[in-house]
Amino acid sequence: MADASDDLSDLPAVFRDDVESVLIDAGQIERRLGELAAEIDRDYAGRELLLIGVLKGAVFAMADLARRITVPTAMDFMAVSSYGSSTSSSGVVRILKDLDTEIEGRHVLIVEDIVDSGLTLDYLLKNLRSRHPASIEIAALLTKPSRREVDLDARYVGFEVPDVFVVGYGLDYAERYRGLPSIVTLKPEVYGG
Ligand code: 5GP
(Lines give C-alpha, C1' and ligand atoms only; values in the text may rest on other atoms or scores of the structure.)
Protein backbone atom coordinates (compact mmCIF):
# COMPACT_ATOMS: atom_id res chain seq x y z
CA MET A 1 0.00 0.00 0.00
CA ALA A 2 1.25 3.49 -0.79
CA ASP A 3 2.26 5.84 1.99
CA ALA A 4 -0.63 7.59 3.70
CA SER A 5 -0.79 11.25 2.92
CA ASP A 6 -2.00 14.31 4.77
CA ASP A 7 -2.98 15.82 1.44
CA LEU A 8 -6.63 16.75 1.97
CA SER A 9 -7.24 17.57 -1.67
CA ASP A 10 -8.69 14.08 -2.21
CA LEU A 11 -11.37 14.64 0.42
CA PRO A 12 -14.82 15.95 -0.39
CA ALA A 13 -14.59 19.73 -0.62
CA VAL A 14 -17.28 20.06 2.03
CA PHE A 15 -14.78 18.71 4.60
CA ARG A 16 -11.59 20.09 3.11
CA ASP A 17 -12.86 23.64 3.21
CA ASP A 18 -13.66 23.35 6.92
CA VAL A 19 -10.19 22.18 7.95
CA GLU A 20 -7.83 24.69 9.52
CA SER A 21 -4.74 22.52 10.02
CA VAL A 22 -3.60 18.90 10.14
CA LEU A 23 -2.16 18.05 13.57
CA ILE A 24 -1.45 14.35 12.97
CA ASP A 25 -1.57 12.82 9.53
CA ALA A 26 -2.78 9.35 8.59
CA GLY A 27 0.74 7.98 8.19
CA GLN A 28 1.74 9.09 11.68
CA ILE A 29 -1.38 7.49 13.15
CA GLU A 30 -0.70 4.24 11.31
CA ARG A 31 2.92 4.08 12.50
CA ARG A 32 2.04 4.91 16.11
CA LEU A 33 -0.73 2.32 16.29
CA GLY A 34 1.76 -0.24 14.97
CA GLU A 35 4.11 0.64 17.84
CA LEU A 36 1.33 0.43 20.41
CA ALA A 37 0.16 -2.94 19.05
CA ALA A 38 3.71 -4.27 19.35
CA GLU A 39 3.84 -3.08 22.99
CA ILE A 40 0.46 -4.68 23.68
CA ASP A 41 1.64 -7.94 22.08
CA ARG A 42 4.68 -7.99 24.38
CA ASP A 43 2.71 -7.09 27.52
CA TYR A 44 -0.07 -9.62 26.94
CA ALA A 45 2.03 -12.48 25.56
CA GLY A 46 0.48 -15.81 26.57
CA ARG A 47 -2.79 -14.17 27.60
CA GLU A 48 -6.13 -13.50 25.91
CA LEU A 49 -7.26 -9.94 25.61
CA LEU A 50 -10.69 -8.30 25.56
CA LEU A 51 -10.67 -4.97 23.75
CA ILE A 52 -13.51 -2.68 24.80
CA GLY A 53 -14.07 0.16 22.35
CA VAL A 54 -15.85 3.28 23.53
CA LEU A 55 -18.33 4.27 20.84
CA LYS A 56 -18.29 6.07 18.62
CA GLY A 57 -15.00 7.94 18.59
CA ALA A 58 -12.80 4.90 19.12
CA VAL A 59 -14.06 2.82 16.18
CA PHE A 60 -11.14 3.54 13.87
CA ALA A 61 -8.47 3.19 16.58
CA MET A 62 -10.16 -0.02 17.73
CA ALA A 63 -10.27 -1.50 14.22
CA ASP A 64 -6.72 -0.51 13.36
CA LEU A 65 -5.29 -1.68 16.70
CA ALA A 66 -7.19 -4.97 16.60
CA ARG A 67 -5.84 -5.69 13.11
CA ARG A 68 -2.27 -5.30 14.34
CA ILE A 69 -2.44 -7.10 17.69
CA THR A 70 -1.46 -10.76 17.36
CA VAL A 71 -2.37 -12.16 20.80
CA PRO A 72 -5.85 -13.77 20.84
CA THR A 73 -8.30 -10.89 21.07
CA ALA A 74 -12.05 -10.51 21.52
CA MET A 75 -13.89 -7.25 20.97
CA ASP A 76 -16.82 -5.59 22.68
CA PHE A 77 -18.18 -2.06 22.73
CA MET A 78 -19.74 0.41 25.13
CA ALA A 79 -21.45 3.68 24.40
CA VAL A 80 -21.48 6.48 26.94
CA SER A 81 -23.00 9.91 26.82
CA SER A 82 -20.62 12.48 25.41
CA TYR A 83 -20.65 16.16 24.67
CA GLY A 84 -23.41 16.00 22.08
CA SER A 85 -22.98 18.92 19.75
CA SER A 86 -21.09 21.03 22.24
CA THR A 87 -17.30 21.19 22.54
CA SER A 88 -17.00 21.29 26.35
CA SER A 89 -17.55 18.62 28.98
CA SER A 90 -20.70 18.39 31.07
CA GLY A 91 -18.93 15.95 33.37
CA VAL A 92 -22.02 13.75 33.23
CA VAL A 93 -21.43 10.18 32.12
CA ARG A 94 -24.28 7.84 31.29
CA ILE A 95 -24.08 4.33 29.83
CA LEU A 96 -26.07 4.26 26.60
CA LYS A 97 -24.95 0.77 25.58
CA ASP A 98 -23.41 -1.74 27.94
CA LEU A 99 -21.15 -4.68 27.14
CA ASP A 100 -22.54 -7.84 25.57
CA THR A 101 -20.07 -10.00 27.49
CA GLU A 102 -19.02 -10.71 31.09
CA ILE A 103 -15.55 -9.44 31.96
CA GLU A 104 -14.94 -11.21 35.27
CA GLY A 105 -11.48 -12.80 35.27
CA ARG A 106 -10.57 -11.40 31.84
CA HIS A 107 -7.78 -9.09 30.72
CA VAL A 108 -9.49 -5.92 29.58
CA LEU A 109 -8.06 -3.10 27.49
CA ILE A 110 -10.33 -0.08 27.06
CA VAL A 111 -9.79 1.68 23.73
CA GLU A 112 -10.73 5.36 23.76
CA ASP A 113 -10.33 8.14 21.20
CA ILE A 114 -9.16 10.95 23.48
CA VAL A 115 -8.65 11.60 27.18
CA ASP A 116 -9.62 15.18 27.88
CA SER A 117 -10.75 15.90 31.46
CA GLY A 118 -10.49 12.16 32.11
CA LEU A 119 -13.96 12.07 33.67
CA THR A 120 -15.39 9.60 31.16
CA LEU A 121 -12.60 7.06 31.61
CA ASP A 122 -12.49 7.58 35.35
CA TYR A 123 -16.15 6.62 35.49
CA LEU A 124 -15.71 3.70 33.08
CA LEU A 125 -12.73 2.33 35.00
CA LYS A 126 -14.65 2.36 38.28
CA ASN A 127 -17.68 0.79 36.66
CA LEU A 128 -15.71 -1.97 34.93
CA ARG A 129 -13.45 -2.67 37.94
CA SER A 130 -16.55 -3.45 39.97
CA ARG A 131 -17.12 -6.38 37.57
CA HIS A 132 -13.80 -7.95 38.68
CA PRO A 133 -11.70 -8.28 35.53
CA ALA A 134 -8.30 -9.99 35.94
CA SER A 135 -6.70 -6.74 34.77
CA ILE A 136 -7.80 -3.49 33.18
CA GLU A 137 -5.78 -0.92 31.22
CA ILE A 138 -6.45 2.01 28.91
CA ALA A 139 -5.31 2.65 25.34
CA ALA A 140 -6.07 6.16 24.10
CA LEU A 141 -5.24 7.48 20.67
CA LEU A 142 -4.95 11.05 21.98
CA THR A 143 -4.52 12.81 25.29
CA LYS A 144 -4.84 16.44 26.33
CA PRO A 145 -2.84 16.46 29.57
CA SER A 146 -3.42 20.16 30.22
CA ARG A 147 -7.16 19.52 30.57
CA ARG A 148 -7.00 16.68 33.08
CA GLU A 149 -9.34 16.97 36.09
CA VAL A 150 -8.75 13.53 37.55
CA ASP A 151 -5.61 11.48 38.00
CA LEU A 152 -5.80 8.89 35.26
CA ASP A 153 -3.12 6.47 34.15
CA ALA A 154 -3.49 5.48 30.49
CA ARG A 155 -0.96 2.74 29.80
CA TYR A 156 -0.92 3.16 26.00
CA VAL A 157 -1.16 6.63 24.49
CA GLY A 158 -0.82 7.55 20.82
CA PHE A 159 -0.20 11.28 20.86
CA GLU A 160 -0.41 14.30 23.14
CA VAL A 161 -2.37 17.19 21.68
CA PRO A 162 -2.64 20.78 22.91
CA ASP A 163 -5.84 22.20 24.37
CA VAL A 164 -7.64 22.54 21.05
CA PHE A 165 -10.76 20.81 19.75
CA VAL A 166 -9.81 18.17 17.20
CA VAL A 167 -11.78 16.01 14.76
CA GLY A 168 -11.05 13.17 12.37
CA TYR A 169 -10.12 9.50 12.64
CA GLY A 170 -13.32 8.79 14.58
CA LEU A 171 -13.63 12.11 16.39
CA ASP A 172 -16.58 14.26 15.44
CA TYR A 173 -18.04 17.68 15.71
CA ALA A 174 -21.85 17.37 15.69
CA GLU A 175 -21.44 13.85 14.18
CA ARG A 176 -19.43 15.12 11.24
CA TYR A 177 -15.77 14.65 10.24
CA ARG A 178 -15.33 11.18 11.79
CA GLY A 179 -14.23 9.78 8.43
CA LEU A 180 -11.32 12.19 7.93
CA PRO A 181 -8.14 10.09 7.84
CA SER A 182 -6.10 12.63 9.84
CA ILE A 183 -6.51 14.46 13.15
CA VAL A 184 -7.30 18.07 12.28
CA THR A 185 -8.55 21.34 13.71
CA LEU A 186 -11.51 23.13 12.15
CA LYS A 187 -11.77 26.74 11.10
CA PRO A 188 -13.43 28.92 13.78
CA GLU A 189 -16.33 29.76 11.47
CA VAL A 190 -17.37 26.09 11.46
CA TYR A 191 -18.43 26.50 15.11
CA GLY A 192 -20.07 29.85 14.37
CA GLY A 193 -23.40 28.27 13.45
P1 5GP B 1 -13.35 13.53 29.02
O2 5GP B 1 -14.37 12.82 29.83
O3 5GP B 1 -11.96 12.94 29.11
O4 5GP B 1 -13.34 15.02 29.30
O5 5GP B 1 -13.84 13.48 27.54
C6 5GP B 1 -13.69 12.38 26.75
C7 5GP B 1 -14.59 12.48 25.55
O8 5GP B 1 -14.84 13.83 25.16
C9 5GP B 1 -13.91 11.85 24.36
O10 5GP B 1 -14.16 10.48 24.32
C11 5GP B 1 -14.53 12.61 23.21
O12 5GP B 1 -15.75 12.01 22.85
C13 5GP B 1 -14.80 13.99 23.77
N14 5GP B 1 -13.72 14.94 23.43
C15 5GP B 1 -12.82 15.48 24.26
N16 5GP B 1 -11.98 16.30 23.59
C17 5GP B 1 -12.37 16.26 22.30
C18 5GP B 1 -11.89 16.89 21.11
O19 5GP B 1 -10.92 17.66 21.06
N20 5GP B 1 -12.57 16.61 19.95
C21 5GP B 1 -13.66 15.78 19.93
N22 5GP B 1 -14.22 15.58 18.74
N23 5GP B 1 -14.13 15.16 21.04
C24 5GP B 1 -13.50 15.41 22.20
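The values are calculated or read from the model by the stated rules, or taken from the named source; none is laboratory data. Keep in mind that this is a model prediction, so the values were computed, not measured. Heads up, the Cβs are rebuilt from the backbone with ideal geometry, glycines too, and the neighbour counts pull from every protein chain shown. Just the protein is used for accessible areas: all its heavy atoms, side chains included, with ligands, DNA and RNA removed. Shrake-Rupley method; radii C 1.70, N 1.55, O 1.52, S 1.80 Å.
Quick rundown of the values:
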{"read-out": "Inter-probe distance in nm under a simple model that places probes 7 Å from Cα toward Cβ, at Arg31 and Phe159", "value": "1.1"}
{"read-out": "Amide H within-cut-off set for Leu49, under 5 Å, with H built and near neighbours excluded", "value": "Thr73, Ala74"}
{"read-out": "Length added when fully stretched, Arg42-Ser21, from 0.36 nm per residue minus Cα-Cα", "value": "4.1 nm"}
{"read-out": "Whole-Hz couplings from phi, Karplus 6.51/-1.76/1.60, listed for the stretch 50-56; x for Gly and Pro", "value": "10, 8, 10, x, 9, 6, 9"}
{"read-out": "Mean shadow area of the chain, taken as a quarter of the surface of its Cα convex hull (nm²)", "value": "11.1"}
{"read-out": "Helix-only [θ]222 nm of the chain, DSSP H runs n ≥ 4, -39500 (n - 2.57) each, per residue, nearest 500", "value": "-6500 deg cm²/dmol"}
{"read-out": "Heavy-atom SASA rank of Glu102, Glu20, Glu149 (probe 1.4 Å, accessible area, largest first)", "value": "Glu102, Glu149, Glu20"}
{"read-out": "Amide hydrogen neighbours beyond the local backbone of Tyr169, cut-off 5 Å, H modeled", "value": "Leu180, Ser182"}
{"read-out": "Share of carbon and sulfur in the accessible heavy-atom surface of the stretch 103-193 [1.4 Å probe, %]", "value": "47"}
{"read-out": "Antiparallel bridge percentage (DSSP; both residues within the stretch 120-193; nearest 5)", "value": "50"}
{"read-out": "Angle between the chain longest axis and helix 26-43 axis [Cα atoms, degrees, rounded to 10]", "value": "10"}
{"read-out": "Whole-number accessible area per residue in Å² for the chain, which is evaluated in the context of all protein chains at 1.4 Å", "value": "50"}
{"read-out": "DSSP-defined beta bridges in the chain - what % are antiparallel, rounded to 5", "value": "30"}
{"read-out": "Cα long-axis angle, helix 119-129 against the chain (0 to 90 degrees, to the nearest 10)", "value": "20"}
{"read-out": "Percent accessible area from carbon and sulfur atoms, the stretch 13-80, protein chains only, probe 1.4 Å", "value": "50"}
{"read-out": "Amide proton proximity set for Leu55, modelled H, under 5 Å, gap of 5+", "value": "Met78, Ala79, Val80"}
{"read-out": "The chain: angle of helix 59-68 to the longest principal axis, Cα-based, in degrees nearest 10", "value": "60"}
